[in-house]
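Participant: Mind having a look at this structure? Questions to follow.
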Amino acid sequence: MTNKVATLNLGDQQVELPVISGTVGPDVLDIRKLYGQTDCFTFDPGFTSTASCESQLTYIDGDQGVLLHRGYSIEELSEQSSFMEVSYLLLNGELPSKQELSDFSYTISRHTMLHEQLSTFYRGFRRDAHPMAIMCGVVGALSAFYHDSTDIADPVQRKIASHRLIAKMPTIAAMAYKYSVGQPFIYPDNKLSYTGNFLRMTFGVPAEEYEVIPAVEKALDRIFILHADHEQNASTSTVRLAGSSGANPFACIAAGIACLWGPAHGGANEAALNMLREIGTPDKIPHYIARAKDKNDPFRLMGFGHRVYKNYDPRATVMQKTVREVLAALKVNDPIFEVAMQLEEMALNDPYFIEKKLFPNVDFYSGIILSAIGFPTTMFTVLFALARTVGWVAQWNEMISDPGQKIGRPRQLYTGPTARTYLPVEKR
Ligand code: CMC
């Protein structure tokens, strides 16, 4: 809280609104008592000017293109850290010591298996089901399998549920993939790293030894770091809202997955690669740029623009570097990368994109890497969900541990009919 107040003049009434400052970032007006004092709500559909909670996890400065987790920059974390280390940081607030990291990784690796009966659950889905549909269903079903970690009032159960979700997500995601291609499920191998294990469960087969390629493991681990958390985005807000009613963590994360699936959110990486493939060759780029600018055409450049970043998304910079590394390591010469680079350059020099501050976001380059590794486009959002689970879980824990936590209950501006008399059907 600062000593600053904002004064709101509402007809004859004058209301003082306290101004609260965080450690960094814009101040917020505290309007919690506004309705009680004035009989007036605020109106902010899409939450463009609303802080929905207090949080110590992630800070974004969208104008400067800054992303920090617990104070550490995404550039440093993605360069020097591992996904397990970032997960520990998000959950616990500090970077782990060597021993803490080893204990944490060990704990996570001991939760990687799924209840065996869950594998029969998969067989209820059509083979051509989208893996995100399977993820929503299977993650929601976890609450039917792990009753001993659904009491949200018990911090020990919350911790176990958090570890289970982070540990089981790669197994669930890999099984969704295996089911779609008709191959046997591969059990986890705890000798491998979190990411190496996921690669083996996805691409390994029981008939052969699977060898994890270190450059691929490193690149995918970095992609997981880049997606680990991102403040109060749509899916995280969904997890918080679902959790605010006291719903169990598995149900809350399933809600987050459902929200993430949308093409304006996590589904954009799949849409971005599909778009680059559709463009196909650099000579077609001007046509697609013109379409993106045309108000009468619903087409948008996928992987471009962001609600918060009005500058280069720092994750896109790391992602672009990673594309080069992966394509070189796998000796893949994907012409789509050239299309992406030229599209980016052309858009960044176009007055429409300059004026609207539209820059590449995290999804613009990630699809090229994932495709080179061998993931089909339908798996892209699944990988996003896998990595974001740690952010969801950390945000959910932060909310539940807050003693002042309340059920989320927005209000509305009602524009429907006023009270009217019911007419029986024969008189209508
Ligand atoms: N291509 C062309 N025009 C665009 C684009 C785009 N990708 N993005 C925004 N605009 C225009 C939009 O038409 C609007 O123009 P006007 O002011 O003339 O109506 C203006 O820019 C502002 O757009 P908005 O939709 O009001 O902005 P928003 O903050 O509500 O939307 C967004 C942000 C990410 C949904 C949007 O930029 C978009 O649809 N991008 C493409 C999808 C995408 O890449 N999503 C991934 C987001 S990052 C990963 C994640 O967080 O999940």
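Participant: Need one number: the % of Cα-Cα pairs in segment 21-124 sitting beyond the 20 Å mark.
Facilitator: 62 percent
Participant: A follow-up question, please. How long is the gain from Val181 to Lys33 if the chain were fully straight, where each residue apart is worth 0.36 nm and the alpha carbon distance is subtracted?
Facilitator: Between Val181 and Lys33, full extension yields an extra 47.8 nm.
Participant: When a/c is below 1.5 the answer is rounded, else prolate if a/b is larger than b/c, else oblate, so apply that to segment 173-322 with a ≥ b ≥ c taken from the square roots of the Cα gyration tensor eigenvalues.
Facilitator: Verdict is oblate for segment 173-322.
Participant: In percent, how large is the relative contact order of the chain, given Cα pairs closer than 8 Å and 6 or more residues apart? Please list the in-between numbers first.
Facilitator: Values: 583 pairs, mean separation 82.3, N = 428.
The normalised contact order for the chain reaches 19 percent.
Participant: Please work out the ratio of the alpha-carbon Rg of segment 333-428 to 2.2 N^0.38 Å and round it to two decimals.
Facilitator: Details: Rg = 24.3 Å, N = 96, 2.2 N^0.38 = 12.5 Å.
For segment 333-428, the normalised Cα radius of gyration is 1.95.
Participant: Let me ask something additional. What number does segment 133-255 give for Rg over Rh if you use C-alpha atoms and the Kirkwood radius?
Facilitator: 1.00
Participant: Pairs of Cα atoms under 8 Å, at least six residues apart: use those to get the relative contact order of segment 112-215, whole percent.
Facilitator: Relative contact order here is 27 percent.
Participant: Taking amide H atoms as placed 1.01 Å from N in the peptide plane, list the residues 5 or more away in sequence, or in a different chain, whose amide H sits under 5 Å from that of Val66.
Facilitator: For Val66, the qualifying residues are Asp61.
Participant: With the radius of gyration and the Kirkwood radius both derived from the Cα set of the chain, what is their ratio Rg to Rh?
Facilitator: Numbers: Rg = 23.3 Å, Rh = 23.4 Å.
Result for the chain is an Rg/Rh of 1.00.
Participant: Under 20 Å from a label point 7 Å along Cα→Cβ of Gln342: give me every residue in segment 302-318 with its amide N that close.
Facilitator: Only 302-304 pass the distance filter.
Participant: Here's another thing I want to ask about it. Arranged by the count of other C-beta atoms within 10 angstrom, fewest first, what order do Phe83, Phe375 take?
Facilitator: So the ranking, lowest neighbour count to highest, is Phe375, Phe83.
Participant: Just want to confirm a number: the relative contact order over segment 48-115, from Cα pairs under 8 angstrom separated by 6+ residues, in percent.
Facilitator: Across segment 48-115, relative contact order equals 19 percent.
Participant: Between Asp128 and Val5, how high is the FRET efficiency from 1/(1 + (r/R0)^6) when r is the Cβ-Cβ distance and R₀ = 60 Å? Nearest 0.05.
Facilitator: Computed FRET efficiency for Asp128 and Val5 comes out at 0.55.
Participant: Just to be sure I understand: if I project the alpha-carbon convex hull of segment 60-182 onto a plane and average over all orientations, what area do I get in nm²?
Facilitator: 10.0 nm²
Participant: Next question. State the Cα centre-to-centre distance between segment 355-427 and segment 126-142 in whole Å.
Facilitator: After rounding, the separation between the Cα centres reads 18 Å.
Participant: By the scheme Lys and Arg +1, Asp and Glu -1, what is the net charge of all other residues having a beta-carbon under 12 Å from that of Val181?
Facilitator: So the environment of Val181 carries a net charge of +1.
Participant: Calculate one ³J(HN,Hα) per residue across segment 420-428 by plugging θ = phi - 60° into the Karplus curve 6.51 cos²θ - 1.76 cosθ + 1.60, and present them in order as whole Hz with x for glycine and proline.
Facilitator: 9, 8, 6, 10, x, 4, 6, 9, 8
Participant: Once the other residues with Cβ under 12 Å from the Cβ of Ala6 are scored (Lys, Arg +1; Asp, Glu -1), what is the net sum?
Facilitator: Neighbourhood net charge equals -2.
Participant: Calculate the spin-label point distance for Ser73 paired with Glu54, positioning each point 7 Å from the Cα along the beta-carbon direction, and give it in nanometres.
Facilitator: With each label point 7 Å from Cα toward Cβ, the separation is 2.9 nm.
Participant: Sticking with this structure for a sec: Only counting other Cβ atoms within 10 Å, I'd like Tyr352, Tyr88 sorted with the fewest neighbours first.
Facilitator: So the residues, fewest neighbours to most, are Tyr352, Tyr88.
Participant: Residue by residue through segment 410-416, which ³J(HN,Hα) values in whole Hz follow from phi under the Karplus form 6.51 cos²θ - 1.76 cosθ + 1.60 (θ = phi - 60°), with glycine and proline marked x?
Facilitator: So the Karplus estimates, Gly and Pro as x, are x, 10, 8, 9, 7, 10, x Hz.
Participant: Let me ask something else. Could you go through segment 117-129 in sequence order and give the Karplus-derived ³J(HN,Hα) for each residue, using 6.51 cos²θ - 1.76 cosθ + 1.60 with θ = phi - 60°, rounded to whole Hz, and x for Gly and Pro?
Facilitator: 5, 5, 5, 6, 4, 4, 5, x, 8, 5, 4, 9, 5
Participant: Suppose only helical runs count, i.e. DSSP H with n ≥ 4. What mean residue ellipticity at 222 nm does that imply for the chain under -39500 (n - 2.57) per run, divided by all residues and rounded to the nearest 500 deg cm²/dmol?
Facilitator: Roughly -15500 deg cm²/dmol at 222 nm, from the helical runs in the chain.
Participant: Sticking with this structure for a sec: Could you order peptides 407-413, 146-152, 312-318 by the average number of other Cβ atoms within 10 Å of their residues, highest first?
Facilitator: Final packing ranking: 312-318, 146-152, 407-413.
Participant: Could you work out the local net charge near Leu91, counting Lys and Arg as +1, Asp and Glu as -1, over the other residues with Cβ closer than 15 Å to its Cβ?
Facilitator: Working: positive: Arg70, Arg158, Lys159, Arg164, Arg388; negative: Glu85, Glu94, Glu100, Asp103, Asp229, Glu398.
Taking every Cβ under 15 Å from that of Leu91, the sum is -1.
The numbers here are math on the coordinates, done by the rules we state, and not lab data. This one's a predicted model, so the numbers in the text were calculated from it and none came from an experiment. Every residue, glycine among them, receives a Cβ derived from its backbone with ideal geometry; neighbour counts consider all protein chains shown.
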